[in-house]
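Just below is one structure, and these are the notes that go with it.
The values are calculated or read from the model by the stated rules, or taken from the named source; none is laboratory data. These numbers come from a predicted model, not from an experiment. Reconstructed Cβ throughout: ideal geometry from the backbone, glycine too, with neighbour counts over all protein chains shown. Accessible surface is based on the protein model in full, side chains and every heavy atom, while ligands, DNA and RNA are left aside. Shrake-Rupley method; radii C 1.70, N 1.55, O 1.52, S 1.80 Å.
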Amino acid sequence: MKTQVCIIGAGPAGLLLGHLLRAEGVECIVLERRTPEYVLGRIRAGVLEQVTVGLMERLGLDARMKEEGLPHDGFNLADGERLIRIDCAELTGRQVMVYGQTEITRDLMEACDERGLEVVYEAQDVALHGIDGDAPHVTFSKGGTSNTIDARIVVGCDGFHGPSRQAIIGTGGGREFERVYPFGWLGILADVPPCNHELIYANHARGFALASMRSATRSRYYIDVPTSENVEDWSDDRIWDELATRLGPDAAPHITRGPSIEKSIAPLRSYVFAPMRLGALMLCGDSAHIVPPTGAKGLNLAASDVYYAAEALTAFFQRSDNDAIAAYSDTALARVWKAERFSWSLTRLMHRFPEDGAFERAMQVAELDYIANSRAAQTSIAENYVGLPV
Ligand code: RFL
Ligand code: PHB
């Protein structure tokens, strides 16, 4: 097989990039290790920035998002006593969209046939070759048959555990920056109405909690737990009790309990791999960076990488212009680092770290009080939350 761009991974980054390239007449093939059902079964992001919404609009795949998504003007920080509302719409003129990653992925998947985007699911043993030259190829097997794709450019959209970043590391290239946190988020999804019409991030003496949602009838909640914890030890009742305590007196009376339809623990990590390109291989999304979910930035960063990558690849294949590909890593990383900073600082502010003493706790109290009383501080948080410009 031969194509212009071989994309590895059919998560949101890979599918978005594939559709953007097809819309510009660039040939591409997407290779995905899992089945479509498996990809759709992963419950992840819920909050979309304008960059992500804008790409779906540009593709004309925004109809269901406009119909079912929930535009939010703001969100809340809870400090155990009060709710501090961050009014993003008033402070920045922009909103965020609550629409699940599962739904975006479904919208992108369902448009593949009609738009001629070829996705090979259940592609096993995907391996990258010759990425430091200008004639790379990708090998994989499917149903016991070995296949080779010759491409001009390979884009790694294969998440944190995929082979693309490892291919760069294998050449001795690149540098890793990492911070692992001493807790994970235990998430619960349930078909019950949300306890509040906007998200609440809470810092309570017993730990962090987040009240989020997918729709008016489906709620998503999280609490932080030590990384040693097992999800089997957390009955639904135990999670609901903990949420009611941590979310505090404003929210607790409005929590509707119900059976979980999904329950899992996700570790928290900040990670950046630089550069995000080596020769003919570009990295997008979680393959190059991870943020803790506290700022709702992961999927949105994947979308901004894809935006830059699509522009660069279109210039290259339509006009033989290599400048944007050469600049891709620096351009993408400038935005990535700012989102890393925001996610890290919000994580620091809203969680109780086991190593923290009285001083660190006093810093959290002072910062929350500052935010509660400063329009400048609220504006800074709001502009990062709605997403910095691409
Ligand atoms: P993905 O979604 O991991 O997709 C990568 C795809 O590559 C495939 N793959 C391979 N394919 C072929 N061969 C191989 N060897 C392969 N290895 C892997 C995988 O099967 C998969 O289909 O990465 P992508 O596309 O970069 O997207 C990134 C986002 O998924 C991620 O950043 C977000 O989910 C992070 N995140 C959030 N982001 C937000 O913007 N807003 C949020 O509100 C938000 N909440 C969250 C989150 C992530 C969470 N977890 C579980 C990590 C909440 C949680 C709990
Ligand atoms: C979610 O709804 O899953 C969600 C929302 C906001 C976050 C993280 C996750 O910061």
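Worth a mention:
- Summed over the range 32-54, the residues that are not in a loop (DSSP other than H, G, I, E, B) and not hydrophobic (A, V, I, L, M, F, W, C) give a count of 7.
- Test: residue in the range 274-287 that is more than 28 Å from G387 (Cβ to Cβ), open to solvent by less than 40 Å² (accessible area, probe 1.4 Å) and not in a strand (DSSP E or B): yes
- Residue match in the range 143-165 (condition: in a strand (DSSP E or B), among the small types (G, A, S) and more than 19 Å from I290 (Cβ to Cβ)): yes
- Considering residues of the range 225-251 that are free of Cβ contacts under 8 Å to residues at least 12 places away in the same chain and among the small types (G, A, S) only, the residue nearest to N203 (Cα to Cα): A244
- The residue that is most open to solvent (accessible area, probe 1.4 Å), among those in the range 133-152 that are in contact with a strand residue (DSSP E or B) (Cβ under 8 Å, 6 or more places away or on another chain) and small (G, A, S), is S146.
- Boolean, D73 is among the acidic types (D, E), in contact with a helix residue (DSSP H, G or I) (Cβ under 7 Å, 6 or more places away or on another chain) and at pLDDT below 95: no
- Among the residues of the range 43-65, those that are within 13 Å of ligand 1 (Cβ to nearest atom) and open to solvent by 30 Å² or more (accessible area, probe 1.4 Å) comprise I43, R44, Q50.
- Qualifying residue in the range 166-181 (condition: over 22 Å from G14 (Cβ atoms), under 23 Å from the mean Cα position of the chain (by Cα), modelled with pLDDT of 95 or more and within 15 Å of ligand 1 (Cβ to nearest atom)): yes
- Being within 26 Å of the chain's Cα centre (by Cα), closer than 22 Å to R214 by Cβ, within 14 Å of ligand 2 (Cβ to nearest atom) and open to solvent by less than 20 Å² (accessible area, probe 1.4 Å) is true of G295.
- For the range 9-42, the tally of residues that are open to solvent by 40 Å² or more (accessible area, probe 1.4 Å), closer than 20 Å to E311 by Cβ and in contact with a strand residue (DSSP E or B) (Cβ under 8 Å, 6 or more places away or on another chain) stands at 2.
- First in the range 302-331 and over 16 Å from C6 (Cα atoms) and open to solvent by 10 Å² or more (accessible area, probe 1.4 Å), second anywhere and at pLDDT 95 or above and among the β-branched types (V, I, T), Cβ under 6 Å, 6 or more apart: Y307/V390; Y308/T331
- Residue within the range 121-132 that is open to solvent by 60 Å² or more (accessible area, probe 1.4 Å) and touching a Gly at 6+ places or on another chain (Cβ under 7 Å) present: yes
- For the range 88-102, the condition holds for at least one residue, the condition being that it is assigned to a loop (DSSP other than H, G, I, E, B), among the charged types (D, E, K, R) and under 30 Å from N373 (Cβ atoms).
- Among residues of the range 199-209, those that are open to solvent by 10 Å² or more (accessible area, probe 1.4 Å) and either part of a strand (DSSP E or B) or within 14 Å of ligand 2 (Cβ to nearest atom) (or both), counted: 1
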